[in-house]
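A short write-up of the structure that comes next.
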Amino acid sequence: MTEQSRRPRKPGKPYRRPQKDPVRILAFDALRAVDERDAYANLVLPPLLSKAREKGDIDGRDAALATELVYGTLRRQGTYDAILSACVDRPLRDVDPPVLDVLSLGVHQLLGTRIPTHAAVSATVELARVVLGDGRAKFVNAVLRKVAQDDLDAWLERVAPPYDEDPEDHLAVVHSHPRWVVSALWDSLGGGRAGIEELLAADNERPEVTLVARPGRSTTEELLGEPAALPGRWSPYAVRLTEGGEPGSVEAVREGRAGVQDEGSQLVALALAGAPLDGPDRAWLDGCAGPGGKAALLAALAAGRGAVLLASEKQPHRAGLVAKALAGNPGPYQVVAADGTRPPWRPGTFDRVLMDVPCTGLGALRRRPEARWRRRPEDLDGFAPLQRSLLRTALESVRVGGVVGYATCSPHLAETRAVVDDVLKQYRDAELIDARPLLPGVPDLGDGPDIQLWPHLHGTDAMYLALIRRTG
């Protein structure tokens, strides 16, 4: 018998092993991957869910809860950090990141879901015992009990500065966006308080899954046969899956005849395809084609007119994704791995050119909520030269009388109108054309001639499109 075993046990409750909750452990693992590896939740979560299903650890309802815990925690991170700062006796930067992830999951359950208070606290403390140990679980328990003393509205009254004193900081805390993003989006909207509040709130809503029926390969009628499927709002090729529909369960998606594609992205492709041309319409280019959603739709539309699409993507692995998306297209196409700033094709080769340029992605914060916390204002300086260079390439690649579509998934003025205006100053033989008539039935498109879509107005990502005709 060892000396330790001879020691008398301290009075109190006997030790109980922590109970493992597969749903919350999965959510914690996803948050750690996002934090440690700069991963994106929409890429990390599906394989984690698939593995858990294969092991029999979770079912459909569990998967929905895990998804809500991960995305909800990431979307509201700024708000929850402000609340936790009021409940922790040291700066949050001094709290170990794994502990902070567990706390954030707990706060979301307390303030962002209908999970009862007692269940939210006890389940999170149990998670802390499993992944952090008993000592830090006590800290988690103490903090969450402070958070549980008020609801979300009461906490916001305490931690958000009054709107009249600091509007941008008030909105940043209440709607969980970095202050600089609030300022940039407000400038892009150009409106009052109501518009920016609606936009920020829309960024925090879970988006519907939208499918695209690729022409010549699938139809909306086929996709509407799926459970809880509804027609798209604006695109004739769009179908929305409501009630958490799984695109992987749709046969046409599995076979590549349909795809997952935001309706805003579809509208950009449709507007370019519908733009009037002077002269032939035989050769189309998607100059930044990865991962292939727009290219697949454009290639199908081109095939219907006897035209050919060249899809170019700089990164070879992304070019592979484009090739996969285009496989089975009803007409000829070509995929190349090429740098759009040093194109291998001759100038004036194409009748239509789409250049959906790399950007900050501020228009897709509903789908990639972690992006708002990773981006910095200085990132704009890094994208600016590339965006201008790619637009210049597009204008040089299109023939006289042809049309270029400059697109971004960002509404930031530095990535949209500023780029177009700067490049057009150098190209006197090019002119903006009004894109709004090319999206019939879509309201609130602004003064034109360019188009800015919005989550709160159109239910889409905040896609931007300018159409430019080469005149000489």
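The values are calculated or read from the model by the stated rules, or taken from the named source; none is laboratory data. The structure displayed is predicted, hence computed values, not measured ones. Cβ: placed from backbone, ideal geometry, glycine included. Neighbour counts: every protein chain shown. When the accessible area is computed, the model is the full protein with side chains, heavy atoms only, and any ligands, DNA or RNA have been set aside. Shrake-Rupley method; radii C 1.70, N 1.55, O 1.52, S 1.80 Å.
Close contacts from the stretch 57-71, counting a first residue that is of a type in the set (Gly, Ala, Ser) and a second that is surrounded by 18 or more Cβ atoms within 10 Å (Cβ to Cβ) and part of a helix (DSSP H, G or I), with Cβ to Cβ under 6 Å and a gap of 6+ residues or different chains, come to 63/49; 66/23; 66/26; 66/27. Taken together, 376, 399, 428 contain a single residue that is among the charged types (D, E, K, R) and buried (at least 16 other Cβ atoms within 10 Å of the Cβ), which is 399. Return yes or no: is residue 108 in contact with a Phe, Trp or Tyr (Cβ under 9 Å, 6 or more places away or on another chain), without any contact (Cβ under 8 Å) to a residue 12 or more places away in the chain and not in a loop (DSSP other than H, G, I, E, B)? So residue 108 does not fit the description; no. Based on this model, can you work out whether residue 384 counts as modelled with pLDDT of 95 or more and either part of a strand (DSSP E or B) or in contact with a strand residue (DSSP E or B) (Cβ under 9 Å, 6 or more places away or on another chain) (or both)? For residue 384, the condition - modelled with pLDDT of 95 or more and either part of a strand (DSSP E or B) or in contact with a strand residue (DSSP E or B) (Cβ under 9 Å, 6 or more places away or on another chain) (or both) - is not met.
Among the helices (runs of 4 or more DSSP H) confined to the stretch 233-349, the ones with at least 2 residues that are buried (at least 20 other Cβ atoms within 10 Å of the Cβ) and out of contact with any Pro (no Cβ under 8 Å at 6 or more places or on another chain) are located at 263-274, 293-304, 316-326. Looking at the stretch 18-43, which of the residues that are β-branched (Val, Ile, Thr) and crowded, with 19+ Cβ neighbours inside 10 Å is farthest from the chain's Cα centre (by Cα)? The qualifying residue farthest from the chain's Cα centre (by Cα) is 23.
Do we find a residue being open to solvent by less than 50 Å² (accessible area, probe 1.4 Å), of a type in the set (A, V, I, L, M) and more than 19 Å from the chain's Cα centre (by Cα) anywhere in the stretch 205-213? Checked the stretch 205-213: at least one residue is open to solvent by less than 50 Å² (accessible area, probe 1.4 Å), of a type in the set (A, V, I, L, M) and more than 19 Å from the chain's Cα centre (by Cα). Considering the stretch 187-204, and only residues there that are under 17 Å from the mean Cα position of the chain (by Cα) and of a type in the set (A, V, I, L, M, F, W, C), the residue that is surrounded by the fewest Cβ atoms within 10 Å (Cβ to Cβ) turns out to be 201. Name the residue that is nearest to residue 359 (Cα to Cα), counting only residues in the stretch 433-472 that are part of a loop (DSSP other than H, G, I, E, B) and out of contact with any strand residue (DSSP E or B) (no Cβ under 9 Å at 6 or more places or on another chain). The selected residue is 461. Tell me whether the stretch 402-410 contains one or more residues that are in contact (Cβ under 8 Å) with a residue 40 or more places away in the chain, open to solvent by 10 Å² or more (accessible area, probe 1.4 Å) and farther than 20 Å from residue 438 by Cβ. No - not one qualifying residue is present in the stretch 402-410.
Of all residues in the stretch 199-215, those satisfying the criterion of being modelled with pLDDT of 95 or more and more than 27 Å from residue 187 (Cα to Cα) are 210, 211, 212, 213, 214, 215. Does residue 197 satisfy the criteria of being without any contact (Cβ under 8 Å) to a residue 40 or more places away in the chain, out of contact with any Ser or Thr (no Cβ under 6 Å at 6 or more places or on another chain), within 29 Å of residue 446 (Cβ to Cβ) and assigned to a helix (DSSP H, G or I)? So residue 197 fits the description; yes.
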